[in-house]
Amino acid sequence: MALIVNADDAVGEAVALRLAGSGVQLALAGADAGRLDKLASQLAGKGATVMAVATAAVEAGAIRDSVAQVKARYGRIDVLVHNESALAAKPLPEISDADVGAALDTGLAAPFHYLRAVVPGMREAGFGRVVNISDLRYLGLANTSSVAAARSGLFGLTRALALESARDGVTVNTVVMGDVDSETTPAAEREKLAGGIPVKRLGTPADIANAVGFLAADSSKYVTGQTLFVCGGKSAYFSMSI
């Protein structure tokens, strides 16, 4: 079964639809209870086994409680997908102490606590798939320092945990998103963003979900500690795209 954290946005929903299509049992975690319930009902209507866990938790204890709810129903967690949290970026002089705390708590500490709550059980079972979803700001783009710090920390955490867990049949990888289209993106901005992408179009939530689906499957068992860029080639502009 798969636990999808932050399933209450377009990418999280696309991941849920992708995994449900593979016959995977699902637990959907996120802060927007209404959106989670709507998605759970949609998936259940298609025959999926699914539960919603409404939580905005970033504290270790609350995250352990969320994971315990999932294990109480399903017994185990085979796949953990930690969808990126929405983090606002600002130039360094404008970043407050609260902004720094929010970026590190939401973008790094929360996924760390989920990994710590889930991965030991995967290792004990001899199987697990962890997919962390991040974005190009981990490369250190201008005016994104607090977000870049959190995203870069997740990059290091992914690689370290991959090496730590590899011998136990657990893979840990990252999908890095490029510019993903949104219904709220103005047409003029959409065209401008697409012009800066080698493939000349924005990504879709399904593009991200397809990459997650590969890394969550048994067919990716020889892939771990890797960063898969799903960005239309945009990462090729950066020397640090590893």
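Some notes on this structure:
- N143 being under 15 Å from the mean Cα position of the chain (by Cα) and free of Cβ contacts under 8 Å to residues at least 60 places away in the same chain: no
- Across region 11-29, the number of residues qualifying as at pLDDT below 95 and closer than 21 Å to D135 by Cα comes to 0.
- Unique match (being of a type in the set (V, I, T), in a strand (DSSP E or B) and closer than 30 Å to A142 by Cβ) among V11, V15, V58, V81: V81
- Output for region 78-118, where each listed residue is β-branched (V, I, T) and in contact with a strand residue (DSSP E or B) (Cβ under 6 Å, 6 or more places away or on another chain): V79, V81, V118
- Enumeration of residues in region 91-150 that are hydroxyl-bearing (S, T, Y), open to solvent by 30 Å² or more (accessible area, probe 1.4 Å) and outside any helix (DSSP H, G or I): S96
- Residues being in contact with a Gly (Cβ under 7 Å, 6 or more places away or on another chain) and open to solvent by 10 Å² or more (accessible area, probe 1.4 Å) - total across region 20-53: 1
- Residue list for region 151-177, filter: free of Cβ contacts under 8 Å to residues at least 60 places away in the same chain, surrounded by fewer than 22 Cβ atoms within 10 Å (Cβ to Cβ) and not hydrophobic (A, V, I, L, M, F, W, C): S152, G153, G156, E164, S165, R167, D168, G169
- In region 1-14, residue surrounded by the most Cβ atoms within 10 Å (Cβ to Cβ) [restricted to those that are of a type in the set (A, V, I, L, M, F, W, C) and under 21 Å from A117 (Cα atoms)]: I4
- Scanning region 142-195 for residues that are of a type in the set (S, T, N, Q) and closer than 21 Å to I208 by Cα turns up S152, T158, T171, N173, T174, S182, T184, T185.
- Within the set D218, D181, D207, the sole residue that is touching a strand residue (DSSP E or B) at 6+ places or on another chain (Cβ under 7 Å), open to solvent by 50 Å² or more (accessible area, probe 1.4 Å) and either closer than 20 Å to L141 by Cβ or of a type in the set (D, E) (or both) turns out to be D181.
- Test: residue in region 42-52 that is under 20 Å from I208 (Cβ atoms) and either free of Cβ contacts under 8 Å to residues at least 12 places away in the same chain or of a type in the set (S, T, N, Q) (or both): yes
- Residue list for region 192-204, restricted to those being open to solvent by less than 80 Å² (accessible area, probe 1.4 Å) and part of a helix (DSSP H, G or I): L193, A194, G195
The values are calculated or read from the model by the stated rules, or taken from the named source; none is laboratory data. Please read these numbers as outputs of a predicted model, since none were measured by experiment. Quick reminder, even Gly has a Cβ in these numbers, built from the backbone with ideal geometry, and neighbours come from all protein chains shown. Side chains included, ligands, DNA and RNA excluded: accessible areas come from the protein's heavy atoms. Shrake-Rupley method; radii C 1.70, N 1.55, O 1.52, S 1.80 Å.
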